[in-house]
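In what follows, a single structure is set out as structure tokens and then discussed.
Read the figures in this text as sums done on the coordinates, not as results from a lab. This one's a predicted model, so the numbers in the text were calculated from it and none came from an experiment. Every residue, glycine as well, gets a Cβ built from its backbone with ideal geometry; the counts of neighbours run over all protein chains shown.
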């Protein structure tokens, strides 16, 4: 049962490839942005590290401003591999954080997010795919990839569940800040 329980002391938020030239093709981009922004805010409040990747930024542009401006530090890991784990420095960055739970978000669900998820699972990370903070251009691709990740061992989660698992209790200043955001 422990794989289903997020712990802020063990978690890292990973945001995969939410980039300027990729975003226009996504019909769920506003929902993904909003949910990623909620997760970023919670991560900042609770001390959860954030790792951001960019797929071939020369071609796809940088991370969108909405996400970039919300980050405490903007230092994306650039890659040309679809699988973040095969990109330079990604696994080393995660290892340096000494956390084993990954909160996974980004684009596209059936390409970079899927390949990264599978490799993270192989590397013995517990992966929580935030289903309402990922998207693909095509609905079928999104659903197929989500099912595949679940079958492979990822926990399929939603933004509010992640937020409240990280918060653990009501009444704190962090809870008040997050609950105002999601109303």
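Summary table
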quantity	calculated
Pairwise label distance in nanometres, residue 20 with residue 179, each label 7 Å out on the Cα-Cβ vector	4.0
With eigenvalues of the C-alpha gyration tensor scaled by 5 and rooted, segment 112-183, Å	27, 15, 8
Stretchable slack from residue 7 to residue 172, in nm (0.36 nm times residue separation minus alpha-carbon distance)	57.8 nm
Relative contact order (%) - segment 92-166, alpha-carbon pairs under 8 angstrom, separation at least six	34
Gain upon complete extension [residue 95, residue 71; 0.36 nm per residue less C-alpha separation]	6.6 nm
Protection-proxy order for peptides 106-114, 16-24, each taking the mean of Cβ atoms within 10 Å per residue, highest first	106-114, 16-24
Sorted by Cβ density within 10 Å, fewest first, the residues 103, 156	156, 103
5 Å-binned pair-distance histogram of segment 2-182 (Cα, whole percent)	1, 9, 19, 23, 23, 15, 7, 2, 0, 0
